[in-house]
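The values are calculated or read from the model by the stated rules, or taken from the named source; none is laboratory data. From a predicted model like this one, the values you see are computed outputs, not experimental measurements. Cβ coordinates were reconstructed from backbone atoms using ideal geometry, including for glycine residues, and neighbour counts include every protein chain displayed. Remember, those area values only see protein heavy atoms, side chains included, never the ligands or the DNA or RNA. Shrake-Rupley method; radii C 1.70, N 1.55, O 1.52, S 1.80 Å.
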Amino acid sequence: MSKLAVIGTQTEAMPRSEAFLRAGEQWLLADDPAAAASGFRLAMADGGPVFVDPRVPLARALFLLGKTAEAQSLLDNLKAEDRRDPRMCDLVAELLVERSDLTEALDWATAGVELCLARRAPDGARAAADGIQAAADGNGAVDRDGAGDASDSEAELRLLLSLRYRIRNDLGLPEDSYDALLDEA
């Protein structure tokens, strides 16, 4: 995968940045976080379109390498840049659950749920869910492929609601309005 990313023909369907990202993911699966980090950094340097921001899996690789401060800095930067992608929120929340940072994981999962709910509303308007206002991102953020596929958005919402519910249970928090949405989904 790494060689293909370097020498393969770049296409609209498979930009070089995505190939580097996927190669990095394969290195993570092969338990080689250093090679994975290299792939993710190459995806970032390329700057082309990718399925998910390469900083998220790069943070995972850095945590595995014991570079906690650098990994945390990436996550802090992502949070400071205004979370606009529910999938990224999901992946960061999952990473934080693995790191046992449940409070921060809950924050990311909740942000992802709010983004999904805001996208349900017409024209990016604010959506209400059982009395809770879901903040729209205001930037017209699009799904990873720019298509805004409703079934993907609903699937992502269900994933985030489930993750959020599990985190809240682990924290011993009472059920809230978003948890009720899980029953509806």
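Summed over segment 163-185, the residues that are part of a helix (DSSP H, G or I) and open to solvent by 40 Å² or more (accessible area, probe 1.4 Å) give a count of 8.
Of all residues in segment 51-69, those satisfying the criterion of being over 15 Å from the mean Cα position of the chain (by Cα) and open to solvent by 40 Å² or more (accessible area, probe 1.4 Å) are Leu64, Leu65, Gly66, Lys67, Thr68, Ala69.
Selection of segment 15-40 for residues being more than 19 Å from Thr68 (Cα to Cα) and either part of a loop (DSSP other than H, G, I, E, B) or open to solvent by less than 60 Å² (accessible area, probe 1.4 Å) (or both) yields Pro15, Ser17, Glu18, Ala19, Phe20, Leu21, Ala23, Ala30. Note on segment 93-135: residues that are open to solvent by less than 70 Å² (accessible area, probe 1.4 Å), among the β-branched types (Val, Ile, Thr) and either within 24 Å of Val56 (Cβ to Cβ) or modelled with pLDDT of 95 or more (or both) total 3.
Residues in segment 41-66 that are touching a residue at least 12 places away in the same chain (Cβ under 8 Å) and not in a helix (DSSP H, G or I): Gly47, Gly48, Pro49, Val50, Phe51, Val52, Asp53, Pro54, Leu65.
Close contacts from segment 24-40, counting a first residue that is without any contact (Cβ under 8 Å) to a residue 40 or more places away in the chain and a second that is not in a helix (DSSP H, G or I) and not hydrophobic (A, V, I, L, M, F, W, C), with Cβ to Cβ under 8 Å and a gap of 6+ residues or different chains, come to Gly24/Pro54; Phe40/Pro54. Among residues belonging to segment 142-162 that are open to solvent by less than 70 Å² (accessible area, probe 1.4 Å) and closer than 12 Å to Arg87 by Cα, point out the one that is modelled with the lowest pLDDT. Per the stated criteria, the residue is Asp143. Of the numbered criteria (1) out of contact with any Gly (no Cβ under 6 Å at 6 or more places or on another chain); (2) modelled with pLDDT under 95, the one Ser17 fails is (1). Go through (1) without any contact (Cβ under 8 Å) to a residue 24 or more places away in the chain; (2) open to solvent by 70 Å² or more (accessible area, probe 1.4 Å) one by one and return the number of the condition Asp82 breaks. (1) is the only condition that Asp82 fails.
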